[in-house]
Amino acid sequence: MAVVDEKADAVVYDEPVLRYQLASFPNNKLRLVGNVFEAQGYGFGLQLKSPCHKMINQALLELVENKTVEALNKKWFGEALAD
């Protein structure tokens with residue numbers, strides 16, 4: 001990465017990707033600063049009127065409610081994203 005190699009002073013990219021990099025490759029020189037420019041979500045693309053739509057939504061809701069999503073965020077993105 002150019003910032004680690006001191007070829008650049010900063011980088012702007014998707015927050016989850018940057019948090020993953022920080023959690024996976026700890027480096028005391030790197031940190032996230034400032035606010036998110038624009039919060040955006042991720043999604044799944046399905047065919048219109050897909051029979052999977054309701055099943056996927058129910059499964060995702062269950063993962064949020066039983067704190068699985070929170071645990072995965074902590075595992076892959078570090079504590080800061082889970083807060």
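Any read-out appearing in this document is the output of simple, stated calculations on the displayed coordinates, not a laboratory observation. Since the model is a prediction, treat every value here as computed from it, not as a measurement. Don't worry about glycine lacking a Cβ; one is built from the backbone with ideal geometry, like all the others, and counts go over all protein chains shown.
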Helix 53-65 versus the longest principal axis of the chain: what is the Cα-based angle in degrees, 0 to 90, to the nearest 10? 60 degrees
Relative contact order computed over segment 15-82 (Cα-Cα under 8 Å; 6+ residues apart), in percent: 44 percent
Which parts of segment 28-50 would a label at Met1 reach, counting a residue when its backbone N lies under 14 Å from a point 7 Å out along Cα-to-Cβ? 28-33
Phi angles of segment 35-42, converted by Karplus (6.51 cos²θ - 1.76 cosθ + 1.60, θ = phi - 60°) into ³J(HN,Hα) in whole Hz with x for Gly and Pro, give 9, 5, 5, 8, 6, 9, x, 10
Candidate values (i) 0.94; (ii) 1.25; (iii) 1.08, label of the one derived for Rg/Rh (Cα atoms, Kirkwood Rh): (iii)
What number of lysine-lysine pairs in the chain show an alpha-carbon separation below 24 angstrom, given a sequence spacing of 8 or more or placement on distinct chains? 5
Summing -39500 (n - 2.57) over every DSSP H run of at least 4 residues in the chain and dividing by its residue count gives a helix-only mean residue ellipticity at 222 nm, to the nearest 500 deg cm²/dmol, of -12500 deg cm²/dmol
